[in-house]
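Notes to accompany the following structure.
The values are calculated or read from the model by the stated rules, or taken from the named source; none is laboratory data. Not measured: the values here are computed from a predicted model. Virtual Cβ from ideal backbone geometry, glycine too; neighbours counted across all protein chains shown.
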């Protein structure tokens, strides 16, 4: 997630007009922002548009960032809001359609295809979860944020964040276990 | 993958890795970063324009408020410059003058000119 001190220094430089400093922040958080946006939107192109909106919105609002707090959660809140706004505007269905080959048996795939199949199933399963729940589990298990930080990002109580992660995990772990059983 | 401790405080590495692979974009992040940075100046420019728009939207109400303040200030100032009405003592002062005796001791109804002249004399 990048060192907080470095982030603060980069923010200060950006506020002073240093374009490259903002570029470093973008590179540092690009992967995370794109994944979080994709957890909301499903479609990778939509997700990239939303992540970009999030970064540019953060740039404009940078003076409002409280440097006593970590930068990552602040940025992720903006990215998550940008993704949610985009999803509402376009009213897209989050889940990607399942590849027909994954649904109906077919020949036993090789290892790469199997991983790809798992990814597709996970994306579908994520898409079936409520938006807040899938953001919570991605922020926790993929991005490593704490429950308290997730609560701050999503604007919900910490107990709710904890509960959202729990319910999402229960669904996804079941899917993962089934898949492992299937490929055995 | 661990078997549920439901409210686990630690991330699940296996689930996390699987989700990460599922959400990972196909292209590299450098290309994405370049795309964002290509919008850097435009975003800051739009923000400045938006700020000017906000200021512009304040212009008319600001002018109206200033005019209203000027009018109120003028009216208040004029009120303050108008001579204050005579005090109670001043108003009663003629009663203490020589005309008072004539008014009180006379058997006839008072002549208005006496009253007025008494008032004028006191002033």
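Observations, loosely collected:
- The residues listed here are A:41, A:25, A:62; of these, the one that is closer than 20 Å to residue A:136 by Cα and more than 9 Å from every other protein chain (Cβ to nearest Cβ) is A:41.
- Lone unmet requirement of (1) more than 19 Å from residue B:46 (Cβ to Cβ); (2) buried (at least 19 other Cβ atoms within 10 Å of the Cβ) for residue A:54: (1)
- Within region A:1-17, no residue that is outside the structural domain of residue A:28 (by TED's automatic domain parsing) sits with its Cβ atom under 7 Å from a residue that is at pLDDT below 95 and not in a helix (DSSP H, G or I) at 6+ positions apart or across chains.
- Qualifying residue in region B:24-35 (condition: assigned to a helix (DSSP H, G or I), more than 8 Å from chain A (Cβ to nearest Cβ), closer than 30 Å to residue A:44 by Cβ and modelled with pLDDT of 85 or more): yes
- Verdict on residue A:15 being in contact with a helix residue (DSSP H, G or I) (Cβ under 9 Å, 6 or more places away or on another chain), crowded, with 22+ Cβ neighbours inside 10 Å and more than 7 Å from chain B (Cβ to nearest Cβ): no
- The condition of being at pLDDT below 85 and more than 14 Å from every other protein chain (Cβ to nearest Cβ) holds for only one of B:49, B:115, that being B:115.
- Residue that is modelled with pLDDT of 95 or more, within 13 Å of the chain's Cα centre (by Cα), farther than 17 Å from residue A:126 by Cβ and part of a helix (DSSP H, G or I), where the choices are A:54, A:23: A:54
- Any chance residue B:61 is away from chain A (no Cβ under 14 Å), out of contact with any strand residue (DSSP E or B) (no Cβ under 9 Å at 6 or more places or on another chain), in a loop (DSSP other than H, G, I, E, B) and at pLDDT 60 or above: no
- The set of residues in region A:145-181 that are within 12 Å of residue B:19 (Cβ to Cβ) and within 7 Å of another protein chain (Cβ to nearest Cβ) comprises A:169, A:172, A:173, A:176.
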